[in-house]
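The block underneath contains the structure these notes are about, expressed in structure tokens.
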Amino acid sequence: MKIAIVGGGPGGLFFARLVKRHNPDALVRIFEQNPADATFGFGVTLGGSSLGRIAEADGEVAQRLSEAMVFDTEQKIHLNGEEIVVEYAKPGGSIARLRLLAILRDSCRELGIDIAFDTRIESSAELDGYDLIVAADGINSTLRQEHGEGFGTQTRVLTNHFAWYGVGHAMAPNALVFRNTPGGRFVAHYYAYTPDMSTFVAECDDATWRAAGLDRMDDAARRRLIQQVFEVELGGAPLIENRSIWRQFPAVTNTRWHHRNMVLIGDALRSAHFSIGSGTRLAMEDALALFEATVGAVTIPDALDRFVALRKPNRDQFGEAAERSFEWYERIEHAMAQPILDFTYDFLTRTGRVDDARLDSYAPSFARRYRESRLDCAS
Ligand SMILES: Cc1cc2nc3c(=O)[nH]c(=O)nc-3n(C[C@H](O)[C@H](O)[C@H](O)COP(=O)(O)OP(=O)(O)OC[C@H]3O[C@@H](n4cnc5c(N)ncnc54)[C@H](O)[C@@H]3O)c2cc1C
């Protein structure tokens, strides 16, 4: 069996590792456009429960990831000068994206998997002769764009604007800060991913983008403005740039997950909005499901149909949750008009995956506090 994987992100690397470990005779080749020492990316979240699924499939990788992660059970929700600290029953974990990739790459190399760095695939025609082509090439997937009709791709560009920065110290607890300014509404989401580094995602709605003049600034001026807006949280520390370009998020879906002998996984399949912090986990779980579908399948088409059957229900659930989450952020002005307690409840339940019963086990002390406040209002 000859497998080409386009993209050496978490999805592509984990799939390569799982296949090669199970079938050492398979020829597995990864094509990655970036050099081996690329330095793009700060930290990503990888919740505790996702490690559980990874651990079941590959205990060694899960152990290495877990050792490199920072865990946190608290999250501060700040709204215009008021704040609530939410304690979660289960810890969330974060890891430096580069560390995660290094762990996965090393785990692939140990099995003799060939990773061709500095190799950008421009067309599936370059991969003739492979039995299976895995498009794990991320949100702007070249293969998906080349075969957009075959995959039934739909893209909706959201109206909010965001950029991803780093901060050179651990900002704890991790927090979401929602702030009205004379120029409009800004949101910061930050979390430590090592003892001395944090990720800092800044976001604003389109009205703010124009009213505050961000549309007429360059990225350096935008960074300075965000530093001013979140001066208190940053404690004067500068935001660190690393391809920190202001963008609008493309929400990508595909009607068909495979086309000919090509299959989409990870962000190439369905872009996971960063507000649900699950993109890395979903890419790795796609890889796991695709691997499980190939085991025992008689033909490639059979394996790809099994992949869809195995993975689609869960993926759709997450996709819908992500949609509800980004819709909530797209209407942030409305949400931010609420008092902090209602706002926090609205935030925690925005995806539709957390109802009152689940809130009790998910964030018990907040659920209690919110219920008591409702009773006080009623009496
Ligand atoms: C602001 C922001 C915050 C985020 N925060 C989080 C978070 O907190 N938690 C989380 O889990 N996720 C987060 N993510 C998302 C996360 O990074 C992705 O969802 C995840 O990495 C998807 O994995 P992937 O393997 O599908 O693709 P990617 O990680 O994007 O990897 C794709 C790889 O393919 C390569 N490639 C692309 N095209 C080609 C080509 N033509 N030829 C060869 N190689 C190619 C790329 O160089 C890249 O290495 C965030 C993303 C953004 C933008």
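Every read-out reported here was derived from the displayed coordinates using simple, explicitly stated rules and does not represent laboratory data. This structure is a prediction, so every number in the text was calculated from the model and none was measured. Cβ: placed from backbone, ideal geometry, glycine included. Neighbour counts: every protein chain shown.
Modelling each spin label as a point 7 Å along the Cα-to-Cβ direction, I'd like the Glu82/Ser365 distance in nm, to one decimal.
So the two model labels end up 1.9 nm from each other.
Could you tell me what percent of the DSSP beta bridges with both partners in the chain are antiparallel, to the nearest 5? Don't jump to the answer; show the numbers that get you there.
Numbers: 43 of 63 bridges.
Once the DSSP bridges in the chain are tallied, antiparallel ones form about 70 percent.
Quick one: length gained pulling Ala102 to Arg224 fully straight, 0.36 nm per residue minus the C-alpha distance?
40.7 nm
Please compute, over every Cα-Cα pair in region 161-240, the percentage with a separation greater than 14 angstrom.
Considering region 161-240, 58 percent of its Cα-Cα pairs are separated by more than 14 Å.
Mind checking the dipole of the chain: about its Cα centre, +1 per Lys or Arg Cβ, -1 per Asp or Glu Cβ, Debye to the nearest 20? Each step should come with its number before you reach the end.
Numbers: 42 positive and 52 negative charges, 28 e Å.
With Lys and Arg at +1 and Asp and Glu at -1, about 140 debye.
Test of understanding: what is the full-extension gain from Phe40 to Lys2, defined as 0.36 nm times their sequence separation minus their Cα-Cα distance?
Extra length available between Phe40 and Lys2 comes to 10.7 nm.
According to the Kirkwood expression over distinct Cα-Cα pairs, how big is the hydrodynamic radius of the chain, in Å?
Working: mean 1/r = 0.0459 Å⁻¹.
The answer is 21.8 Å.
Suppose we flag chymotrypsin sites (Phe, Trp or Tyr not before Pro) only when DSSP calls them loop and at most 15 other Cβ atoms lie within 10 Å. Which is the longest uninterrupted stretch of the chain? Could the numbers behind the result be given before it?
Working: sites that count: Phe40, Phe117.
For chymotrypsin sites (Phe, Trp or Tyr not before Pro) (loop position, at most 15 other Cβ atoms within 10 Å), the longest site-free span of the chain is 118-379.
Within the chain, how many Lys pairs sit with Cα atoms under 30 Å apart, leaving out pairs fewer than 8 places apart on the same chain?
5
What does the charge dipole of region 338-378 about its Cα centre add up to, to the nearest 20 debye, if the Cβ of each Lys and Arg holds +1 and the Cβ of each Asp and Glu holds -1?
120
GluC sites (Glu not before Pro), restricted to region 217-317: which are DSSP loop and have at most 16 other Cβ atoms within 10 Å?
Here the GluC sites (Glu not before Pro) that fit, given the DSSP loop and packing criteria, are Glu241.
Lys/Arg Cβ at +1, Asp/Glu Cβ at -1, dipole of the chain taken about the Cα centre: which of Gly236, Ile54, Leu348 is farthest positive-ward?
Leu348
Only loop residues by DSSP count here, and only those with at most 14 other Cβ atoms within 10 Å; note down the trypsin sites (Lys or Arg not before Pro) in region 274-379 that meet that.
Counting only loop positions with at most 14 other Cβ atoms within 10 Å, the trypsin sites (Lys or Arg not before Pro) in region 274-379 are Arg331.
Using modelled backbone amide H atoms (1.01 Å from N, in-plane), which distant-in-sequence or interchain residues come within less than 5 Å of Asp114's amide H?
Val28, Ile30
Are there any trypsin sites (Lys or Arg not before Pro) in region 105-154 that are in a DSSP loop and have at most 15 other Cβ atoms within 10 Å? List them by number.
Passing both the DSSP loop test and the Cβ count: Arg120.
Based on a Kirkwood Rh over C-alpha pairs, give the Stokes-Einstein translational diffusion coefficient of region 283-369 at 25 °C and viscosity 0.890 mPa s in µm²/s.
158
Please say if region 338-378 is rounded, prolate or oblate, where rounded means a/c under 1.5 for a ≥ b ≥ c the square roots of the C-alpha gyration tensor eigenvalues, and otherwise the choice is prolate for a/b larger than b/c and oblate otherwise? Present the calculation step by step, with values, prior to reporting the outcome.
Values: a/c = 2.04, a/b = 1.28, b/c = 1.60.
In terms of gyration-tensor shape, oblate.
Quick one: Cα centre-to-centre distance for region 259-282 and region 220-235, in angstrom?
31
Skipping prolines and chain starts, which residues have an amide H placed within reach, meaning under 5 Å, of the one on His169, given they are 5 or more residues away or on another chain?
Ser198
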